[in-house]
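To start, the structure itself, in structure tokens.
Computed from the coordinates by the stated procedures, all read-outs in this text should not be read as laboratory data. Remember, predicted model here, so these are calculated numbers, not experimental data. In this analysis, Cβ positions are derived from the backbone assuming ideal geometry, glycine residues included, and neighbour counts consider all displayed protein chains.
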Amino acid sequence: MKYKKLYLSMSVLLFGTVMSGVSFAQDGNQAADSGAEDQLVMEEVLVTTRKREESIMEVPIAVTAFTYSDIENAGIQNVADVAALTPGFNVAPLFSGDVMTPVIRGLSTTIGEANVGFFVDGVYMGSRLTMSNLLGNFIERIEVAKGPQSALYGRNTFGGAINYVTRKPSGNFEGEVEATYGNNNKQALRATLGGPIGDGGFSYRIAAMSDTTDGFYKNELNGKPLDDRDTKGALGALYWEGESLGVNFNLVYSKVSDGDSPLRFEENNDVFTSFAGLPPDFQMFTGIVPARTDGFAVTPGGVEREQLFGSVNLDWDLDSMVFTSITGYNDFTHDRAVDDDYSANDYRYTTSDNDVNEFSQEFRLASTTDGNFQWMVGAYYYSLDSKTLSNAAYTGFLLPIFGGTNSDISEGTDSVAVFGSIDWDFTDTLTLNISARLGNEEKSVNVTDTDLRSGASGTYINKADWNSFQPRVSLNWQLADDHMAYASWAFAEKAGGFNVVTITGGVLPNERTYDPESSNNYEIGLKSSWADGRVQTTAAAYYIDWTDQIVRAIGAGGALLNTNAGESSSKGVEFELMTQLSDYVDLRMGVSYNDAVYEEYFFAILGAIGMNPVLDGQPLQFTPDWTGNISLGFTQPLGNGWEFFTRFYASYTDEQTIVQTGNALVPATSRFNVRAGWSNENWNVTLWVENLFEPNDAITGAFTGNPSRLPDLFIFGSRQGFPAFSPLVTSPDRMQVGLTVKYSFF
């Protein structure tokens, strides 16, 4: 509550400052020349959210965009930084990002593929694991489209889409070198170089980065850093532009070598009862889960991740239309080893080796003529091949007692679709947009599980496909030159899947697959420009009816499985403001409110531990009610081409539940970053602080079985009871202080 009051007070104060600044600017217009006025006009931001380049203020979709300057000024490094500055967007980095859970407008899921689609230059990136990648110095723009983008973007944009746009090579010779050093032995180097190749229309850009840190925590088992991180990356881009044809080729390589993560199981404190006839214990945690800042002692493990991504984007101007081709390829490996009881006890260890190959091809034709009717048609193909080898087993003499499982999993996805859109200006002020996607998605699975105690094994093979039709309709009303209102409806689907393996009971034949889930999405919005273009505001309100929701349930044979047994609703409002208060002061702020709850959800396993299995009315996991952000920048000319700058960033995320029952919560958190320094045309020297007020609260958590419970209960006698699940809590990043020096040449 205190944080809500703080942010409300800050918002009122800043809004008053904005209005005072606008009033001052208007009063001074009589004395100011037109050149001075133009300097305060907000820069036009172009986005490609609707598969064509247009002003963000003309798109009838709620979009938050970050330009190259925004990314650099804010020090945006990853998707969590993007979420902190985007109202209505939350990220839960479960299991240290291995199950990265992006949540837009309350549509959260930890089951299967994410509800938010990630793209690089329009190429879909299917694995959750790629979401935790660092952003290099070759990102030109980030676009966050809220609400379903299924009609044009397709698969897994059920809640929204995030598109990273890389920097296209230019015809001018240019480059930059950047070095960073900070506490916890943070060291980073970044460099780019680009320019023309001869006189044939070719240009290039090459870039490289290295980012390492010892992390924030120590492994007390060996005295070494626990959460050390090491990321390397490189990009090569080649662009050719002819009279009517442009071709852009990108090749990106990244390699990650990370240590363990600050994860700890916490003891339950509520619902004392027996589970499955075992000795009774507390079966639930109620309240705010704590975050540990020490006591991490695990058998060392870590993550090795390697990725090679390539894309070819072609645009061919055919006079009255433009032909676009986007080809994408992604080769991704992820090897993880973890002491999954997260304690000094040498009880159980898990390894997982994942190899993913993705290929996609998109073709589009779009009209370019002036007039009151515009159209676009396209076709899309996507293929995924994923292989995973995992081994989760007790160690030493515990193996023949409690066993383990070895799994060999092969998964495939083939998706084809046709899509299109029309825009009809049927009056000077009203525009109707209709877009739709007709698709088919086929999934296959081949799984062999082996019980490491008995040697018994079983194989499951299946294939299924689903058809979908996903339309979107919007009506835009140009109220005035600087004000555009819109209303939209969209129907979205997310493909189903398979119940492959379970830990309790057997899966019946009719329970082996689950169907697609769907949603009806209603939105109204207003995009406005004020004070002769010096202030921009966007506002949106939405309601989402989510049906056939894929949730956890108990099958007829007692198996824990996924099924279409849920129904939820999500409603909320979002507001963003951007303004240049003066030549030297700029402000950006955003706030959102979301209410996402289960309307129907019966989770039978709760009855087995003495809890109410009816979860109607409970909030969805990882869906804070309030999120907000404020950034305020000051610049002061110093003479001789130098200027001093200071930027303040604050973000707020309300408390959120980490379990379906709503009992366990991570607290409301605020994050404050400060950046200050000096710059001229060539040099930029920045002193920065992230997480200024040392955070000590958990950032997320998940309920799962603690492997140490069985040995502690039956072998060592150190416990009196057995809980089915316990909260596994992620500790926060601590304060980071550093210096970054960049030299640019032209």
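Here the relative contact order of the range 582-723, from alpha carbon pairs under 8 Å that lie six or more residues apart, stands at 17 percent.
When only Cα pairs under 8 Å and 6 or more residues apart are kept, what is the percent relative contact order across the chain? Spell out each step's value before the answer.
Numbers: 2117 pairs, mean separation 94.0, N = 746.
Answer for the chain is 13 percent.
For the range 148-297, the mean projected area of the C-alpha convex hull, equal to one quarter of the hull surface, is 16.2 nm².
Evaluate the range 628-669: find the radius of gyration of its Cα atoms, find its Kirkwood radius, and give the ratio Rg to Rh. Display every interim value, and only then the final one.
Numbers: Rg = 19.5 Å, Rh = 13.6 Å.
Computed over Cα atoms, the ratio is 1.44.
Applying 1/(1 + (r/R0)^6) with R0 = 25 Å to the Cβ-Cβ distance of ALA541 and ILE111 gives a FRET efficiency near 0.35.
In this structure, the residue pairs whose Cα-Cα separation is over 21 Å, taken from LYS186/LYS255; LYS387/LYS463; LYS146/LYS494; LYS146/LYS463; LYS186/LYS218; LYS218/LYS255, are LYS146/LYS463; LYS218/LYS255.
Where Rh is the Kirkwood radius over the Cα pairs of the range 611-728, the temperature 20 °C and the viscosity 1.002 mPa s, what D in µm²/s does Stokes-Einstein return? Could the numbers behind the result be given before it?
Working: Rh = 18.6 Å.
It diffuses with D of about 115 µm²/s by this estimate.
Put a plus charge on the Cβ of each Lys and Arg, a minus charge on the Cβ of each Asp and Glu, and nothing anywhere else: the dipole of the chain about its Cα centre is then about 1460 debye. Projecting label points 7 angstrom from Cα along Cα→Cβ for TRP642 and TYR522 puts them 5.9 nm apart.
Return the FRET efficiency for the residue pair ALA179, LYS463: r is the Cβ-Cβ distance, R0 is 60 Å, and the value is rounded to the nearest 0.05. Once the sixth-power term is evaluated, E becomes 0.70.
Applying 1/(1 + (r/R0)^6) with R0 = 56 Å to the Cβ-Cβ distance of GLN187 and ASN372, what FRET efficiency is obtained, to the nearest 0.05? Walk me through the numbers before you get to the answer.
Values: r = 57 Å, r/R0 = 1.01.
Approximately 0.50, to the nearest 0.05.
From the C-alpha gyration tensor of the range 283-365, pull out the three semi-axes of the equivalent ellipsoid (sqrt of 5λ each), sorted largest to smallest, in whole Å.
Details: eigenvalues 450, 68, 22 Å².
Ellipsoid semi-axes (Å, largest first): 47, 18, 10.
Charged neighbours of ARG292, selected by a Cβ distance under 9 Å, balance to -1 (K, R count +1; D, E count -1).
Translational diffusion coefficient of the range 666-722 at 25 °C, 0.890 mPa s, Stokes-Einstein with Kirkwood Rh over Cα pairs, in µm²/s as a whole number.
This corresponds to a translational diffusion coefficient of 151 µm²/s.
Write down the Å³ per residue value for the convex hull defined by the alpha carbon atoms of the range 226-265.
Hull volume over Cα atoms, normalised by residue count, gives 75 Å³.
Shape summary: the range 44-115 maps onto an equivalent ellipsoid whose semi-axes, from the alpha-carbon gyration tensor, are 25, 17, 10 Å in decreasing order.
Tell me, rounded to the nearest percent, the portion of alpha carbon pairs in the range 271-422 spaced more than 27 Å apart. Numbers along the way, then the final one.
Details: 6510 of 11476 pairs.
Summing the P(r) tail past 27 Å for the range 271-422 gives 57 percent.
Gyration tensor over the Cα atoms of the chain: the corresponding equivalent ellipsoid has semi-axes (square roots of 5 times the eigenvalues, largest first) of 43, 30, 27 Å.
The modelled label-to-label distance between THR635 and TYR329, using points 7 Å beyond Cα along the C-beta direction, is 4.2 nm. Separation of the range 672-746 and the range 134-185, taken as the distance between their Cα centroids, equals 23 angstrom. Principal axis extents of the C-alpha atoms in the range 440-482 (largest first, rounded to whole Å): 74, 23, 8.
As a size descriptor, the averaged projected area of the C-alpha convex hull of the range 424-562 was calculated at 12.9 nm². Remark: the SER718-ALA379 segment gains 115.9 nm on full extension, using 0.36 nm per residue and subtracting the alpha carbon distance.
Can you give the convex hull volume per residue for the Cα atoms of the range 557-641, as a whole number of Å³? Spelled out: Cα convex hull of the range 557-641, divided by residues, is 163 Å³.
Counting only alpha carbon atoms, the long axis of helix 2-27 and the longest principal axis of the chain meet at about 10°. On full extension, the segment bounded by SER69 and LEU430 gains 126.6 nm, given 0.36 nm per residue less the C-alpha separation. Both radii come from the Cα set of the range 158-216: Rg as radius of gyration, Rh as Kirkwood radius; their ratio Rg/Rh reads 1.17.
For the range 138-185, the spherically averaged projection of the C-alpha convex hull amounts to 6.4 nm². Using all alpha carbons of the range 103-216, what is the percent of pairwise distances in each 10 Å bin, ordered from the shortest bin to the longest? Pair shares across the bins are 12, 31, 27, 25, 5, 0. If the chain linking ARG512 and ASP481 were pulled fully straight, counting 0.36 nm for each residue of separation and taking away their Cα-Cα distance, it would gain 5.6 nm.
Report, in whole Å, the centroid distance computed from the Cα atoms of the range 599-632 and the range 444-458. A separation of 34 Å, based on Cα centres. Expressed in units of 2.2 N^0.38 Å, where N is the residue count, the Cα radius of gyration of the range 514-607 is 1.69.
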